[in-house]
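Just below is one structure, and these are the notes that go with it.
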Amino acid sequence: MNEPKYKRVVLKLSGEALAGGNEYGISQETLNSIAKQVEQVKDAGVDVAIVVGGGNIWRGVAGSAKGMDRATADYMGMLATVINSLALQDALENHGVDTRVQTAIEMRQIAEPYIRRKSIRHIEKGRVVIFAAGTGNPYFSTDTTAALRAAEVEAEVILMAKKVDGVFDSDPVQNPGAKMYKELSYIEVLNKGLGVMDSTAASLCMDNKIPLIVFNLNQEGNILKAVMGKAIGTYVGR
């Protein structure tokens with residue numbers, strides 16, 4: 001096997017991705033597929049940390065739009081990410097991958113509190129660390145969490161797993177003729193409003209020179225391909 005291009009990565013999984021083909025909930029088949037792919041990446045000698053969303057269970061923005069207090073809705077979304085993180089931890093450990101969940105909101109009975117030095121130590125010992133409960137603050141997305149944690153643990157790249165092949169100039173579901181970008185700068189992402197990640201997360205990645213690879217999670221082996229530097233999806237950097 002060739003040497004991986006990246007030695008330490010943050011994998012960003014949307015909550016919707018964990019639902020598989022369902023509208024909500026958690027697909028065990030999808031969890032097992034992700035766990036198998038992460039196991040392959042670990043076997044290649046790559047450090048892995050994971051940030052997972054909660055949109056398959058609850059979306060704070062949606063709750064706010066229906067009249068709920070925004071902060072309350074966002075805290076509920078953070079709790080949804082903890083549920084997803086525990087499910088993912090279970091799937092990974094069933095594949096023999098040593099895993100720790102760290103939460104930005106303390107809940108010691110089920111997970112460790114997030115401590116930067118401790119998370120780095122886990123990663124150095126070969127464990128996968130799953131960062132749950134976002135940043136612990138309302139009004140911040142899990143995209144921002146991924147950018148923040150990647151900077152904190154000195155990851156070389158963020159792997160953003162989606163349900164589509166990459167970044168398009170319009171919604172590929174509604175527009176079959178949508179054009180996929182092979183490479184973009186963060187300035188282009190911000191100026192064109194492409195919706196790869198929110199502006200706070202994109203700015204954080206740009207300021208810390210952390211590249212982003214957007215790819216299709218549903219194609220088996222894509223996580224390993226991204227780590228090895230294969231040309232898949234859309235590369236966002238510069």
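Listing for the model above:
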item: Scope the range 225-235; condition of a type in the set (A, V, I, L, M), more than 15 Å from the chain's Cα centre (by Cα) and surrounded by 14 or more Cβ atoms within 10 Å (Cβ to Cβ); matching residues; result: MET228, ILE232
item: Given (1) surrounded by fewer than 18 Cβ atoms within 10 Å (Cβ to Cβ); (2) without any contact (Cβ under 8 Å) to a residue 60 or more places away in the chain; (3) under 24 Å from ILE34 (Cα atoms), index of the condition ASP165 fails; result: (2)
item: Complete set of residues in the range 8-49 that are of a type in the set (Lys, Arg) and either under 18 Å from VAL101 (Cβ atoms) or free of Cβ contacts under 8 Å to residues at least 12 places away in the same chain (or both); result: LYS12, LYS42
item: Hits in the range 15-38 (condition: polar (S, T, N, Q) and either under 14 Å from ILE223 (Cα atoms) or not in a loop (DSSP other than H, G, I, E, B) (or both)); result: GLN28, THR30, ASN32, SER33, GLN37
item: Any pair with Cβ under 6 angstrom, 6 or more apart, that starts in the range 201-221 at a residue that is touching a residue at least 60 places away in the same chain (Cβ under 8 Å) and ends at one that is of a type outside the set (Val, Ile, Thr) and part of a helix (DSSP H, G or I); result: ALA201/ASP143; ALA201/ALA147; LEU204/ALA147; ASN208/ALA151; ILE210/ALA150; LEU217/ALA17
item: Residues of the range 45-54 satisfying the condition of being of a type outside the set (A, V, I, L, M, F, W, C) and surrounded by fewer than 22 Cβ atoms within 10 Å (Cβ to Cβ); result: GLY45
item: Residue, nearest to LEU217 (Cα to Cα), within the range 1-14, restricted to residues that are in a loop (DSSP other than H, G, I, E, B) and not acidic (Asp, Glu); result: SER14
item: Residues of the range 207-224 satisfying the condition of being over 22 Å from GLY21 (Cβ atoms) and touching a Gly at 6+ places or on another chain (Cβ under 9 Å); result: LYS209, ILE210, PRO211, LEU212, ILE213
item: Set PHE131, PHE140: member being among the aromatic types (Phe, Trp, Tyr), surrounded by 22 or more Cβ atoms within 10 Å (Cβ to Cβ) and either under 19 Å from CYS205 (Cβ atoms) or in contact with an Asp or Glu (Cβ under 7 Å, 6 or more places away or on another chain) (or both); result: PHE131
item: Test set (1) assigned to a strand (DSSP E or B); (2) crowded, with 22+ Cβ neighbours inside 10 Å - VAL189 fails condition number; result: (1)
item: Selection count where residues are over 15 Å from the mean Cα position of the chain (by Cα) and not in a loop (DSSP other than H, G, I, E, B), scope the range 44-69; result: 6
item: Members of the range 192-233 found to be under 22 Å from PRO4 (Cβ atoms), assigned to a loop (DSSP other than H, G, I, E, B) and of a type in the set (Gly, Ala, Ser), listed by number; result: GLY221, GLY229, ALA231, GLY233
item: ILE57 closer than 18 Å to LEU159 by Cα and either in contact with a Gly (Cβ under 8 Å, 6 or more places away or on another chain) or of a type in the set (A, V, I, L, M) (or both); result: no
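Taken together, the values in this text are just the output of simple stated rules run on the coordinates, not laboratory data. Because the structure is predicted, anything quoted here is derived from the model rather than measured. Note: ideal-geometry Cβ built from the backbone for every residue, glycine included; neighbour counts use all protein chains shown.
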